[in-house]
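What follows is one structure encoded as structure tokens, with my remarks underneath.
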Amino acid sequence: MLWPWKGGGTASGESLAGQLPGIGRMLHAEKMRVNGVDLQLKISAVNADFPLLLSWLAKMFRPENLQSAGGSVKVAYKVGRQVERWLLVDGGPGKPVTLFLIVAPEKLPEAKEWPEELPELPAGAVPVQVVSFPGRKAVYGSFRNAGSEPSNLFRSLSAALKLAGWKSLGNEAEQPDGGTGGIFLGQNPRRILWANYGSNGSGIYYSRPY
């Protein structure tokens, strides 16, 4: 959710988001809590071609501030004593780019309590980030060092959820990197759960009402 910032690169005394070519008004703002720290997520539309934005970012920031992946790019740079993070997602031809913006402390505390809305952590796993969105009662949790194969972890979760009355939406979905995941629906309470296990021992759960 909040990707790591390794330090260095471009720094600024104020946010540079207002200088983005084609930046429009803020569409949405939402409170969130990350590892116990209260933050705010802001979403805006950017009316500019994605290649133009990539070119602008390359001129404004140093390579260590940027992470590109397909139709999206992540930006992290220091603003005062905080770190401002952007996620820019290409909307496709003729559509605006979406900007997700979060300002957070340089270092966040370690995750301590695991949310009861999410499945229990796999044996040996350590929580990395716990994010709650109070406005929509959604919860996100990531972890590392799960000791079993992704397919075994997924089957164990599926069996436990089935016993608890959850329904699987489709079959196990294998991923190119060797990971696996799926989506489940619960009736009491009515919640949807997305689970994903990576081949490197990492994992993600996300749950919200439906």
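The values are calculated or read from the model by the stated rules, or taken from the named source; none is laboratory data. Please read all numbers here as calculations on a predicted model, not as lab measurements. Positions of Cβ are generated from backbone atoms using ideal geometry, with glycine treated the same way; all protein chains shown enter the neighbour counts. Accessible surface is based on the protein model in full, side chains and every heavy atom, while ligands, DNA and RNA are left aside. Shrake-Rupley method; radii C 1.70, N 1.55, O 1.52, S 1.80 Å.
Here are a few things to note about the model shown:
For every residue, the table says whether it meets (1) among the polar types (S, T, N, Q); (2) out of contact with any helix residue (DSSP H, G or I) (no Cβ under 8 Å at 6 or more places or on another chain); (3) open to solvent by less than 40 Å² (accessible area, probe 1.4 Å); (4) over 20 Å from residue 127 (Cα atoms).
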site: 12; (1), (2), (3), (4): yes, yes, yes, yes
site: 15; (1), (2), (3), (4): yes, yes, no, yes
site: 18; (1), (2), (3), (4): no, yes, no, yes
site: 39; (1), (2), (3), (4): no, yes, yes, no
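- Residue in the stretch 25-32 that is touching a residue at least 24 places away in the same chain (Cβ under 8 Å), under 14 Å from the mean Cα position of the chain (by Cα) and over 14 Å from residue 88 (Cβ atoms) present: yes
- Options 108, 87; residue that is under 16 Å from the mean Cα position of the chain (by Cα) and assigned to a strand (DSSP E or B): 87
- Of the numbered criteria (1) out of contact with any Leu (no Cβ under 9 Å at 6 or more places or on another chain); (2) open to solvent by less than 70 Å² (accessible area, probe 1.4 Å), the one residue 73 fails is (1).
- Criterion (open to solvent by 70 Å² or more (accessible area, probe 1.4 Å), more than 30 Å from residue 16 (Cβ to Cβ) and at pLDDT 90 or above) met by exactly one of 195, 123, 159: 123
- Condition check for residue 68: open to solvent by 40 Å² or more (accessible area, probe 1.4 Å), part of a strand (DSSP E or B) and either free of Cβ contacts under 8 Å to residues at least 40 places away in the same chain or out of contact with any helix residue (DSSP H, G or I) (no Cβ under 9 Å at 6 or more places or on another chain) (or both): yes
- Strands (runs of 3 or more DSSP E) enclosed by the stretch 129-210 - at least 1 residues per element that are more than 22 Å from residue 3 (Cβ to Cβ): 180-187, 190-197, 203-209
- Residue 111 open to solvent by less than 40 Å² (accessible area, probe 1.4 Å), of a type in the set (Gly, Ala, Ser) and in contact with a strand residue (DSSP E or B) (Cβ under 7 Å, 6 or more places away or on another chain): yes
Results for (1) touching a Phe, Trp or Tyr at 6+ places or on another chain (Cβ under 7 Å); (2) assigned to a helix (DSSP H, G or I); (3) aromatic (Phe, Trp, Tyr), shown as yes or no for each residue.
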{"position": "2", "(1), (2), (3)": "no, no, no"}
{"position": "5", "(1), (2), (3)": "no, no, yes"}
{"position": "9", "(1), (2), (3)": "yes, no, no"}
{"position": "24", "(1), (2), (3)": "no, no, no"}
{"position": "31", "(1), (2), (3)": "no, no, no"}
{"position": "38", "(1), (2), (3)": "no, no, no"}
{"position": "41", "(1), (2), (3)": "yes, no, no"}
{"position": "45", "(1), (2), (3)": "no, no, no"}
{"position": "53", "(1), (2), (3)": "no, yes, no"}
